[in-house]
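A short write-up of the structure that comes next.
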Amino acid sequence: MSIIPVPRVAVIVVAAGSGSRLAAGIPKAFVGLDDHTILRHALRGIFEAPPMQVIVVAPAGREGDALTDAEEAAADRRDLVSVVTGGPSRQASVAAGLAVLWGDVEYVLVHDAARALTPPDVFTRVIGALEAGAAGVVPVMPVVDTIRQMEGDTIVGVVDRSSLTAAQTPQGFQRGILESAYAAAEDEYTDDAAVVAAAGHTITTVAGDGVGFKITTRADLDRARGLVRPLRHTSAPLGEPAL
Ligand code: C5P
């Protein structure tokens with residue numbers, strides 16, 4: 001009998017947000033891009049990456065739906081999947097995921113389910129940087145807009161964008177560093193790298209990906225739907241009508 005090794009990496013997929021800015025009437029992770037939800041698409045990228053413990057953090061009352069999506073995406077690796085209930089803030093949802101990490105896990109990635117189309121390569125790059133010894137890793141994209149500083153309604157300056165970068169997920173951390181940073185955090189931070197940086201650790205970067213954008217608004221949803229449509233056409237077997 002072959003024994004499958006326990007993965008050294010876990011990913012916490014935070015999917016417990018309400019999606020109030022999307023105003024879809026249901027939690028954002030369960031909004032459809034095609035006949036699959038945002039969460040299901042996010043999990044597809046994850047199961048194409050190297051094997052990881054996969055912890056999905058679901059909105060209260062939607063744990064069963066999250067498990068269905070996760071088990072479908074996992075196929076024959078259902079043993080890797082667990083679902084926990086999220087909290088009132090993103091930080092509380094990540095903490096709920098941290099509580100169920102397996103003992104052997106050394107590196108923890110935290111990923112927004114709302115970044116439904118993040119390719120597996122980004123996960124691989126983040127894991128590579130952790131294996132090379134980084135305390136914390138963030139995938140980043142260059143800032144393309146001109147960023148202006150405001151006071152009230154008035155523009156008071158332009159920020160030099162060469163020193164700025166846009167942070168994506170999955171963000172990866174040495175397990176012990178992330179756990180102790182979360183245990184020490186007294187404020188709410190917008191992402192996990194900020195929690196770990198506040199605990200005094202250096203965060204390094206790897207290249208993100210343009211399709212790893214976060215679905216936040218209706219325009220983002222339309223963009224994501226437009227991107228998955230051609231994917232479906234190209235994956236249709238020859239001779240079958242395109243959907
Ligand atoms: O609201 P926003 O899209 O910025 O949230 C980022 C990610 O954090 C989403 O995937 C969302 O589901 C998740 N989240 C969560 N629990 C919360 C709030 C947000 O898991 N209480």
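Annotations
- Summary of the geometry: the stretch 18-80 and the stretch 126-204, compared by the centres of their Cα atoms, lie 24 Å apart.
- Less than 5 angstrom separates the built amide H of residue 53 from those of 9, 10, 11, all sequence-distant by 5 or more or on a different chain.
- DSSP-assigned coil residues among trypsin sites (Lys or Arg not before Pro) in the stretch 1-37, each with at most 14 further Cβ atoms within 10 Å: 21
- Cα gyration tensor, the stretch 50-99 - rounded (a/c under 1.5), prolate or oblate: oblate
- Difference of contour (0.36 nm per residue) and Cα-Cα distance, residue 148 to residue 198: 15.4 nm
- Reported value for the stretch 95-180: 164 Å³ per residue, from the convex hull of its C-alpha atoms.
- Per-pair calculated FRET efficiency, R0 = 25 Å: residue 184 and residue 20 via Cβ, rounded to 0.05: 0.30
- Overall shape: oblate for the stretch 89-243, with the ratio a/c of the largest to smallest alpha carbon gyration tensor axis at 1.5 or above and b/c at least equal to a/b.
- Among the chymotrypsin sites (Phe, Trp or Tyr not before Pro) in the stretch 175-225, none is located in a DSSP loop while being surrounded by at most 11 other Cβ atoms within 10 Å of its own Cβ.
- The shape of the stretch 20-107 comes out oblate: with a ≥ b ≥ c from the C-alpha gyration tensor, a/c is at least 1.5 while a/b does not beat b/c.
- Dipole in debye (nearest 20) - the chain, about Cα centre, beta carbon charges: Lys, Arg +1; Asp, Glu -1: 400 debye
- Amide N proximity, the stretch 123-156 versus residue 162 label position 7 Å along Cα-to-Cβ, cut-off under 17 Å: 142-147
- In order through the stretch 19-28: 3J(HN,Hα) via Karplus (6.51 cos²θ - 1.76 cosθ + 1.60), integer Hz, x for Gly, Pro: x, 4, 6, 7, 6, 8, x, 9, x, 3
Read-outs: derived from the displayed coordinates by stated rules, not from any lab. What you see is a predicted model; the values in this text were computed from it and never measured. Because the Cβ atoms are built from the backbone with ideal geometry, glycine has one as well, and the counts that use them run over all protein chains shown.
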